[in-house]
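**Student:** So that we are looking at the same thing, I have put the structure below in structure tokens.
The values are calculated or read from the model by the stated rules, or taken from the named source; none is laboratory data. Keep in mind the model is a prediction, meaning the values are calculated, not measured. Positions of Cβ are backbone-derived with ideal geometry, glycine not excepted, and every protein chain shown enters the neighbour counts.
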Amino acid sequence: MAKVERKRCKTFPLEMEDDLHKALKYKAIDTDKTLHAFIIDVLAATVREEPAQYAVTTHNAGASKRKR
């Protein structure tokens with residue numbers, strides 16, 4: 001049986017104002033995503049805008065790697 005390789009993930013606390021949290025939550029609901037998935041997708045899309053500097057691979061939770 002093949003072993004499934006998991007990518008390493010990092011976590012960090014994210015503090016934001018209540019109004020921003022509420023707006024993000026509604027945007028996530030509108031796109032049929034969890035708040036976590038929506039934020040990861042937005043961050044990954046932002047990094048993908050500069051493909052010469054960054055390489056972004058996406059999967060269920062999203063991930064990014066910096067090229068050097």
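**Student:** Given the options A63, A37, name the one that is at pLDDT below 80 and surrounded by 13 or more Cβ atoms within 10 Å (Cβ to Cβ).
**Tutor:** A63
**Student:** Anything in the stretch 24-37 that is among the charged types (D, E, K, R) and not in a helix (DSSP H, G or I)? List them, or say none. Can you show your working first?
**Tutor:** Narrowing the stretch 24-37 to residues among the charged types (D, E, K, R): 25, 27, 30, 32-33.
Once the filter is applied, which keeps residues that are among the charged types (D, E, K, R) and not in a helix (DSSP H, G or I), the stretch 24-37 yields D32, K33.
**Student:** Being under 14 Å from the mean Cα position of the chain (by Cα), loosely packed, with under 11 Cβ neighbours inside 10 Å and of a type in the set (A, V, I, L, M, F, W, C) is the filter here, so list the residues in the stretch 8-34 that pass it.
**Tutor:** C9, F12, L14, listed by residue number.
**Student:** Across the stretch 8-23, what is the number of residues that are in a helix (DSSP H, G or I) and in contact (Cβ under 8 Å) with a residue 40 or more places away in the chain?
**Tutor:** 0
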